[in-house]
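S.K.: Got a structure for you, written out below as C-alpha coordinates; questions coming shortly.
The values are calculated or read from the model by the stated rules, or taken from the named source; none is laboratory data. Here the structure is a predicted model, which is why all the values come from computation and not from measurement. Virtual Cβ from ideal backbone geometry, glycine too; neighbours counted across all protein chains shown.
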Amino acid sequence: MKKLLIIRSVSFQQLDHNLKAIKDKFPEHEIHLLTHEHGKKLAEKYKDIKQIWIYPYKEGFGYTRKCLDLKDEYFDVVIVPCTNLSGTGFINVFLFSLSIHAKERYKCNLISEIKAFSKVQVMFWWIRSQVFKIISLCLSGIVGTIGFGIFFLCKALGKLRLHKSRS
(Lines give C-alpha, C1' and ligand atoms only; values in the text may rest on other atoms or scores of the structure.)
Protein backbone atom coordinates (compact mmCIF):
# COMPACT_ATOMS: atom_id res chain seq x y z
CA MET A 1 0.00 0.00 0.00
CA LYS A 2 1.28 3.47 -0.88
CA LYS A 3 1.57 6.06 1.89
CA LEU A 4 0.43 9.68 1.78
CA LEU A 5 1.14 12.29 4.46
CA ILE A 6 -0.91 15.45 4.88
CA ILE A 7 0.85 18.21 6.80
CA ARG A 8 -2.08 19.91 8.53
CA SER A 9 -1.36 23.59 8.05
CA VAL A 10 -4.99 24.67 7.67
CA SER A 11 -8.20 24.51 9.71
CA PHE A 12 -10.06 21.24 10.08
CA GLN A 13 -12.99 22.80 8.20
CA GLN A 14 -10.78 23.24 5.16
CA LEU A 15 -9.29 19.79 5.63
CA ASP A 16 -12.84 18.37 5.56
CA HIS A 17 -13.26 20.02 2.16
CA ASN A 18 -9.80 19.03 0.82
CA LEU A 19 -9.86 15.43 2.02
CA LYS A 20 -12.42 14.30 -0.57
CA ALA A 21 -10.31 15.66 -3.44
CA ILE A 22 -7.17 14.10 -1.96
CA LYS A 23 -8.86 10.69 -1.64
CA ASP A 24 -10.18 10.96 -5.20
CA LYS A 25 -6.75 11.80 -6.63
CA PHE A 26 -4.86 9.21 -4.56
CA PRO A 27 -7.34 6.34 -4.03
CA GLU A 28 -4.67 3.66 -3.61
CA HIS A 29 -2.87 5.48 -0.77
CA GLU A 30 -3.25 5.07 2.96
CA ILE A 31 -3.53 8.51 4.51
CA HIS A 32 -1.40 9.75 7.38
CA LEU A 33 -1.76 13.16 9.04
CA LEU A 34 0.82 15.31 10.78
CA THR A 35 -0.70 17.81 13.19
CA HIS A 36 0.19 19.77 16.30
CA GLU A 37 -0.72 18.28 19.69
CA HIS A 38 -3.80 20.49 20.00
CA GLY A 39 -5.21 19.03 16.77
CA LYS A 40 -4.93 15.36 17.72
CA LYS A 41 -8.42 15.01 19.21
CA LEU A 42 -10.10 16.64 16.19
CA ALA A 43 -8.02 14.54 13.79
CA GLU A 44 -9.26 11.34 15.40
CA LYS A 45 -12.71 11.92 13.83
CA TYR A 46 -11.40 10.97 10.38
CA LYS A 47 -12.03 7.28 9.65
CA ASP A 48 -9.94 7.45 6.47
CA ILE A 49 -6.73 8.43 8.28
CA LYS A 50 -4.58 5.44 9.13
CA GLN A 51 -2.17 7.21 11.45
CA ILE A 52 -1.92 10.58 13.18
CA TRP A 53 1.57 11.92 13.78
CA ILE A 54 2.16 14.67 16.32
CA TYR A 55 4.43 17.60 15.50
CA PRO A 56 6.50 17.96 18.67
CA TYR A 57 6.78 21.78 18.70
CA LYS A 58 4.36 24.52 19.70
CA GLU A 59 5.70 26.81 16.93
CA GLY A 60 4.69 26.57 13.30
CA PHE A 61 6.24 24.06 10.94
CA GLY A 62 9.85 24.85 10.13
CA TYR A 63 12.68 23.15 8.27
CA THR A 64 14.97 23.33 11.30
CA ARG A 65 12.26 21.92 13.61
CA LYS A 66 12.11 18.43 12.19
CA CYS A 67 9.72 15.75 13.38
CA LEU A 68 12.08 13.02 14.59
CA ASP A 69 9.25 10.45 14.65
CA LEU A 70 9.18 10.72 10.83
CA LYS A 71 12.94 10.48 10.20
CA ASP A 72 12.75 6.78 9.24
CA GLU A 73 9.38 7.01 7.50
CA TYR A 74 9.04 7.11 3.71
CA PHE A 75 5.98 8.47 1.94
CA ASP A 76 5.01 8.24 -1.68
CA VAL A 77 3.19 11.57 -1.44
CA VAL A 78 3.31 14.57 0.90
CA ILE A 79 0.51 17.13 0.66
CA VAL A 80 0.58 20.70 1.98
CA PRO A 81 -2.91 22.21 2.21
CA CYS A 82 -3.04 26.02 1.78
CA THR A 83 -5.76 28.52 2.70
CA ASN A 84 -5.46 30.48 -0.53
CA LEU A 85 -5.14 29.70 -4.23
CA SER A 86 -1.39 30.14 -4.73
CA GLY A 87 0.15 28.82 -1.53
CA THR A 88 1.67 32.20 -0.77
CA GLY A 89 2.42 32.51 2.92
CA PHE A 90 3.08 28.80 3.41
CA ILE A 91 6.81 28.84 2.62
CA ASN A 92 7.63 27.54 6.11
CA VAL A 93 5.42 24.47 5.52
CA PHE A 94 6.82 23.88 2.03
CA LEU A 95 10.34 24.08 3.47
CA PHE A 96 9.37 21.73 6.29
CA SER A 97 8.01 19.24 3.74
CA LEU A 98 11.55 18.94 2.35
CA SER A 99 12.63 17.37 5.66
CA ILE A 100 10.31 14.40 5.03
CA HIS A 101 11.32 11.52 2.79
CA ALA A 102 8.85 11.59 -0.11
CA LYS A 103 8.75 10.71 -3.79
CA GLU A 104 6.30 13.50 -4.67
CA ARG A 105 5.04 16.69 -3.07
CA TYR A 106 1.76 18.50 -3.75
CA LYS A 107 -0.06 21.57 -2.55
CA CYS A 108 -3.82 21.49 -2.16
CA ASN A 109 -5.32 24.96 -2.26
CA LEU A 110 -8.52 26.51 -0.94
CA ILE A 111 -10.64 25.13 -3.77
CA SER A 112 -8.97 21.69 -3.63
CA GLU A 113 -6.80 22.06 -6.73
CA ILE A 114 -3.90 19.67 -6.24
CA LYS A 115 -0.65 20.66 -7.92
CA ALA A 116 2.80 19.10 -7.72
CA PHE A 117 5.79 21.12 -6.56
CA SER A 118 9.48 20.32 -6.53
CA LYS A 119 12.37 20.98 -4.17
CA VAL A 120 13.75 23.48 -6.71
CA GLN A 121 10.45 25.39 -6.72
CA VAL A 122 10.46 25.57 -2.93
CA MET A 123 13.98 26.98 -2.96
CA PHE A 124 12.95 29.51 -5.61
CA TRP A 125 9.89 30.52 -3.53
CA TRP A 126 12.10 30.93 -0.46
CA ILE A 127 14.65 33.08 -2.33
CA ARG A 128 11.83 35.18 -3.81
CA SER A 129 10.33 35.72 -0.35
CA GLN A 130 13.72 36.86 0.98
CA VAL A 131 14.13 39.30 -1.92
CA PHE A 132 10.66 40.73 -1.24
CA LYS A 133 11.53 41.12 2.45
CA ILE A 134 14.67 43.06 1.57
CA ILE A 135 12.80 45.27 -0.91
CA SER A 136 10.07 45.86 1.68
CA LEU A 137 12.61 46.83 4.33
CA CYS A 138 14.39 49.17 1.93
CA LEU A 139 11.15 50.78 0.77
CA SER A 140 9.86 51.20 4.31
CA GLY A 141 13.18 52.79 5.22
CA ILE A 142 13.02 55.16 2.26
CA VAL A 143 9.37 56.03 2.85
CA GLY A 144 10.08 56.53 6.55
CA THR A 145 13.06 58.75 5.83
CA ILE A 146 11.11 60.84 3.31
CA GLY A 147 8.18 61.07 5.74
CA PHE A 148 10.42 62.29 8.57
CA GLY A 149 12.13 64.70 6.18
CA ILE A 150 8.81 66.20 5.07
CA PHE A 151 7.62 66.43 8.67
CA PHE A 152 10.70 68.30 9.82
CA LEU A 153 10.70 70.50 6.70
CA CYS A 154 7.07 71.48 7.35
CA LYS A 155 7.85 72.14 10.98
CA ALA A 156 10.83 74.34 10.02
CA LEU A 157 8.76 76.20 7.41
CA GLY A 158 6.03 76.76 10.00
CA LYS A 159 8.54 78.25 12.43
CA LEU A 160 10.02 80.39 9.65
CA ARG A 161 6.56 81.67 8.69
CA LEU A 162 5.74 82.37 12.34
CA HIS A 163 9.07 84.21 12.75
CA LYS A 164 8.40 86.35 9.61
CA SER A 165 4.88 87.22 10.71
CA ARG A 166 6.20 88.52 14.06
CA SER A 167 8.71 90.80 12.30
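S.K.: Can you give me the number of residues within segment 1-52 that are hydrophobic (A, V, I, L, M, F, W, C) and under 19 Å from H101 (Cβ atoms)? Before you say what the answer is, go through the steps one by one.
M.R.: Going residue by residue through segment 1-52, those that are hydrophobic (A, V, I, L, M, F, W, C) are 1, 4-7, 10, 12, 15, 19, 21-22, 26, 31, 33-34, 42-43, 49, 52.
Within this subset, residues satisfying the condition of being under 19 Å from H101 (Cβ atoms) are 1, 4-7, 26, 31, 33-34, 52.
Matching residues across segment 1-52 total 10.
S.K.: Does S86 satisfy being over 16 Å from K3 (Cα atoms) and small (G, A, S)? Show your work before the answer.
M.R.: Details: over 16 Å from K3 (Cα atoms): yes; small (G, A, S): yes.
Spelling it out, S86 is indeed over 16 Å from K3 (Cα atoms) and small (G, A, S).
S.K.: Another question, if that's okay. Please name all residue pairs, on different chains or six or more residues apart, with Cβ atoms under 9 Å, provided the first residue is in segment 20-47 and is in the same structural domain as F96 (by TED's automatic domain parsing) and among the polar types (S, T, N, Q) and the second residue is in a loop (DSSP other than H, G, I, E, B) and surrounded by 11 or more Cβ atoms within 10 Å (Cβ to Cβ).
M.R.: Listed by first residue and then by second, the contacts come to T35/R8.
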